[in-house]
């Protein structure tokens, strides 16, 4: 999302029903960007033992959740990344023996992506690494408040996407 969209979102979100505008001490994109960067660094540090980075782990988590045997193109669409990005991640994970690629029996032009035994063996550990990040917040602000924050972020995203 661009900074302009965030600024418009903040402007509209800070207007109260009485027409009063609340002050925003820092642009929302600053805090989201900082959280994003810190999250990636936190996760990357914990993934070092598995020779993975956060981008590769995100791909594995998607396959754990939604099942493997999906085409490379469908993965690209579902993860919202470009062709080069998904190709790099897939080939890196194949080199590290976390993924394997097979031609589709229905269409030999299509590559299907599958998890390997090595990927399945570290599934719980990878999920736990991501949970550790969220547990930091839950320990400080409580589960109820953490859920509220996530719900509000989701609402903000939907507003920006014009889904609401």
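The figures follow:
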quantity	calculated
Anisotropy class of segment 63-148 from Cα gyration tensor, a/c 1.5 cut	prolate
Length gained when the stretch residue 95-residue 136 is fully extended (0.36 nm per residue, less Cα-Cα span)	11.5 nm
Calculated FRET efficiency for the pair residue 31/residue 71, C-beta based, R₀ 41 Å, to 0.05	0.70
Label-point separation, residue 159 to residue 106 (7 Å along Cα→Cβ), nm	4.1
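Read-outs throughout are calculated quantities, based only on the coordinates presented, and are distinct from any laboratory measurement. Source: prediction; values computed, not measured. A quick note on method: Cβ atoms are made from the backbone with ideal geometry, for glycine too, and the neighbour counts reach across all protein chains shown.
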